[in-house]
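Have a look at the structure below, then the notes.
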Amino acid sequence: MRDLDYLKLLAKQFPTATAAGAEIINLRAICALPKGTEYFFSDLHGESDAFIYLMRSASGIVRDKIDETFGNLLPEEEQLELANLIYYPRDILSNPAHKAKDTPEWQRITINRLVNICRCVSSKYTRSKVRKKMPQQYAYAIDELLHLDSHDEDKRGYLRGIMDAIIDIDMGDDFIVALSELIQNLVVDNLHIIGDVFDRGPHADQIMEELMSFHDVDIEWGNHDAEWMGAACGNPACIASVLRIATSYNSFDVLEDGYGINLRPLSMYAEEVYGDDPCDCFQPHLLDTNVSDSVDPRLAAKMCKAISIILFKEEGALIRRHPEYKLDHRMLLDKIDYEKGTVTIDGESYPLRDTNFPTIDPKDPYKMTEKEKELMNTLVYSFTHSQLLQKHIRFFFTNGAMYKVVNNNILYHGCIPMNMDGSFLQLETAKGSVGGKALMDYFYERAIDAYFLNGENDPKGKIYATDLFWYMWCGPCSPLFGKDKMTTFEHCFIEDPDTHVEKFNIYYEFSKEERYVDRIFAEFGVDPERGHVVNGHVPVKTKRGESPIKANGKLFVIDGGISKAYHSRTGIAGYTLIFNSRHLALAEHKGFRKGSENTPEIQIVEQMKHRIHVGETDNGQELQRQIADLEELLTAYRNGDIREKGEIVQKRR
């Protein structure tokens with residue numbers, strides 16, 4: 001039996017046998033419900049419009065529920081209109097083009113349709129759970145509409161009364177918004193983001209706002225996320241890397257409009273230093289017109305070159321600070337012959353595409369000029385004092401980690417680094433050798449230490465600690481990166497494409513085989529007969545015949561592929577993995593076009609042996625523990641060990 005002191009504490013919450021018994025009944029009933037639907041996304045890369053659409057449409061499930069509810073009762077066109085209203089209720093209702101049809105009769109019909117869909121998507125939840133997700137101001141009305149029997153003659157007048165009141169006081173549109181957002185909320189029970197919220201896309205900030213408004217979300221960090229985490233901490237190499245990517249895609253929306261980062265000092269510096277330099281090697285890649293704050297490409301190229309040179313200097317200083325990284329060979333500024341215009345890499349000499357280096361001293365190539373130092377101090381201040389960025393990065397720590405094990409699924413962004421013999425790669429640390437799960441735990445613990453270190457008291461120590469985020473971004477032993485090197489310098493300055501190759505860790509070959517994935521299950525304590533690995537990071541080249549399903553169905557690669565930079569290589573826009581009580585399914589995304597039909601195609605990839613109930617999930621196991629505690633409390637009440645209202649008494653022996 002539990003310690004009486006513990007049961008006494010529990011008795012404060014359930015002060016009578018009746019209260020304890022009622023809660024046992026409630027929890028057992030919840031355990032008997034079907035498990036909620038989990039959604040797995042990865043590699044969002046700042047593509048806010050596409051992600052928000054996928055979130056609100058539940059990757060096509062809302063569209064299925066509309067069809068399931070109305071079938072042939074509504075034509076295809078009206079079903080699509082209803083779906084778009086659920087996804088974007090505020091935008092559609094405020095559109096002047098909609099005003100002509102927004103009559104009381106239209107509102108009445110629409111509310112009825114939305115209530116029917118709400119009934120469909122809420123059927124697997126308790127009334128209590130559904131009520132908690134309702135907007136408070138409309139909770140009573142919605143609850144009544146959801147559970148009234150419209151066939152009961154006595155209730156029809158009551159139902160009409162509710163509807164008439166909503167419309168008569170001109171609250172119809174507000175009520176439609178409330179129902180639409182409730183449907184969005186109900187159709188996804190748990191949301192897992194498997195890395196790379198950030199990158200070249202226009203608005204990672206909007207993605208973060210959407211995630212933070214969601215009721216149950218976790219983030220498994222990606223290497224681009226680690227880069228931004230380091231930048232938010234004020235790490236100069238991470239800041240320079242973030243800015244190099246932004247300038248190379250002429251994408252400044254998230255920096256300036258989203259986070260208020262002032263880039264004018266960088267543009268002024270770049271214009272001053274590279275005024276007559278065409279910077280041909282640094283011309284920005286323009287993915288589309290989905291960027292509102294683009295600058296003159298000629299200026300963007302100068303900004304990209306300026307911050308790239310600073311990046312190589314900052315990386316050189318960082319590598320010198322950390323001999324344990326064993327990355328001296330990636331310091332390339334000192335491998336340049338500035339007179340001949342060549343660079344030597346791995347014993348081979350290559351001509352440089354650009355030889356104009358006005359800010360590099362060949363005798364000390366990693367020395368920052370005074371103007372570079374001044375610029376970086378300004379940029380560090382901007383990143384560390386952006387309140388919205390700091391709020392979003394803190395969310396990465398409160399709701400994120402290197403990996404997550406949930407309901408027999410192991411979620412991580414990049415890889416579990418392996419050696420050629422299939423063993424887990426070991427990283428030498430001050431605490432000894434770590435590999436596999438221990439390697440992931442090591443990076444997580446170090447990241448927590450680095451983020452929460454007080455930089456005001458020890459700014460140099462803060463920079464040293466946050467160098468870890470740069471290594472997580474591009475280090476060869478980083479589980480988030482999973483490659484032997486990042487060839488940024490080679491891409492910028494060397495024509496030969498052989499120098500651009502970044503070799504993936506052997507994990508990506510071994511993870512196609514079931515026996516190696518079983519080793520990962522054993523490492524994380526997951527049942528190989530029931531488990532799955534859900535992985536991101538590497539776009540699936542569907543048009544070349546690649547499949548996201550590996551290792552006999554035990555591993556899924558669901559790189560979101562949302563970034564337009566990958567579409568020409570993949571042929572699609574990535575995947576969502578959907579795990580409900582009956583099956584696992586993959587939703588294949590289309591290239592997102594606003595105003596077009598973007599509903600993903602859904603394919604069931606694994607049927608569950610039986611319908612999974614809440615009691616069989618991780619959450620259900622926690623509920624079972626609570627039930628066991630309550631049963632002991634109930635026994636204590638009945639035996640007289642604890643009097644009702646929580647008072648402990650001594651039993652007579």
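Conditions: (1) more than 25 Å from the chain's Cα centre (by Cα); (2) of a type outside the set (Ser, Thr, Tyr); (3) over 28 Å from Phe357 (Cβ atoms). Asn505 meets all but one. Number of the miss?
(1)
For Glu210, indicate whether it is buried (at least 24 other Cβ atoms within 10 Å of the Cβ) and either polar (S, T, N, Q) or within 30 Å of Pro135 (Cα to Cα) (or both).
When the stated conditions are applied, Glu210 does not pass them.
Would you say Ala58 is small (Gly, Ala, Ser), in a helix (DSSP H, G or I) and at pLDDT 90 or above?
No, not satisfied.
Among the residues of the range 121-137, how many are open to solvent by 30 Å² or more (accessible area, probe 1.4 Å) and in a helix (DSSP H, G or I)?
Qualifying residue count for the region: 8.
Among Ala628, Ala573, Ala636, which is of a type in the set (A, V, I, L, M), modelled with pLDDT of 70 or more and surrounded by 22 or more Cβ atoms within 10 Å (Cβ to Cβ)? First the steps, then the outcome.
Values: Ala628 fails: surrounded by 22 or more Cβ atoms within 10 Å (Cβ to Cβ); Ala573 fails: modelled with pLDDT of 70 or more.
Among Ala628, Ala573, Ala636, only Ala636 is of a type in the set (A, V, I, L, M), modelled with pLDDT of 70 or more and surrounded by 22 or more Cβ atoms within 10 Å (Cβ to Cβ).
Only one of Tyr274, Tyr249 is on the phi < 0 side of the Ramachandran plot and at pLDDT 95 or above; which?
Tyr274
For the range 485-499, which positions are outside any loop (DSSP other than H, G, I, E, B) and open to solvent by less than 40 Å² (accessible area, probe 1.4 Å)?
Thr488, Phe489, Glu490, Cys492, Phe493, Ile494, Thr499
May I ask you to list the residues in the range 53-92 that are more than 25 Å from the chain's Cα centre (by Cα), surrounded by fewer than 19 Cβ atoms within 10 Å (Cβ to Cβ) and more than 25 Å from Leu586 (Cα to Cα)?
Listed by number, the residues that qualify are Asn72, Leu73, Leu74, Pro75, Glu77, Glu78.
From the list Pro284, Pro358, exactly one residue is assigned to a loop (DSSP other than H, G, I, E, B), open to solvent by less than 80 Å² (accessible area, probe 1.4 Å) and within 21 Å of Val242 (Cα to Cα). Which is it?
Of the residues listed, the single one that is assigned to a loop (DSSP other than H, G, I, E, B), open to solvent by less than 80 Å² (accessible area, probe 1.4 Å) and within 21 Å of Val242 (Cα to Cα) is Pro284.
When you scan the range 187-207, how many residues do you find that are open to solvent by less than 10 Å² (accessible area, probe 1.4 Å) and either under 11 Å from the mean Cα position of the chain (by Cα) or more than 24 Å from Tyr87 (Cα to Cα) (or both)?
10
Filter the range 225-259 down to residues that are touching a Gly at 6+ places or on another chain (Cβ under 8 Å) and over 19 Å from Ile309 (Cβ atoms) and give me whichever is surrounded by the fewest Cβ atoms within 10 Å (Cβ to Cβ).
Top of the filtered list is Gly234.
Among the candidates Gly531, Gly536, Gly525, which residue alone is touching a residue at least 24 places away in the same chain (Cβ under 8 Å), within 23 Å of Asn408 (Cβ to Cβ), touching a His at 6+ places or on another chain (Cβ under 8 Å) and not acidic (Asp, Glu)?
Of Gly531, Gly536, Gly525, the one residue that is touching a residue at least 24 places away in the same chain (Cβ under 8 Å), within 23 Å of Asn408 (Cβ to Cβ), touching a His at 6+ places or on another chain (Cβ under 8 Å) and not acidic (Asp, Glu) is Gly536.
For the range 377-484, which helices (runs of 4 or more DSSP H) that fit wholly inside it have 2 or more residues that are free of Cβ contacts under 8 Å to residues at least 60 places away in the same chain, farther than 26 Å from Phe312 by Cα and open to solvent by less than 40 Å² (accessible area, probe 1.4 Å)? Steps first, answer last, please.
Details: elements: 387-398, 437-452, 459-474.
Filter on the range 377-484 gives 437-452.
Going through Pro297, Pro365 one at a time, which residue ends up being open to solvent by 40 Å² or more (accessible area, probe 1.4 Å) and either farther than 18 Å from Met486 by Cβ or of a type in the set (Gly, Ala, Ser) (or both)?
Only one candidate passes the filter, namely Pro297.
The values are calculated or read from the model by the stated rules, or taken from the named source; none is laboratory data. Quick caveat: nothing in here was measured; it's all calculated off a predicted structure. Neighbour counts are summed over all protein chains in view; Cβ atoms, including those assigned to glycine, are modelled from backbone coordinates with ideal geometry. The protein model used for the area step is the full one, side chains on, heavy atoms only, and it has no ligands, DNA or RNA in it. Shrake-Rupley method; radii C 1.70, N 1.55, O 1.52, S 1.80 Å.
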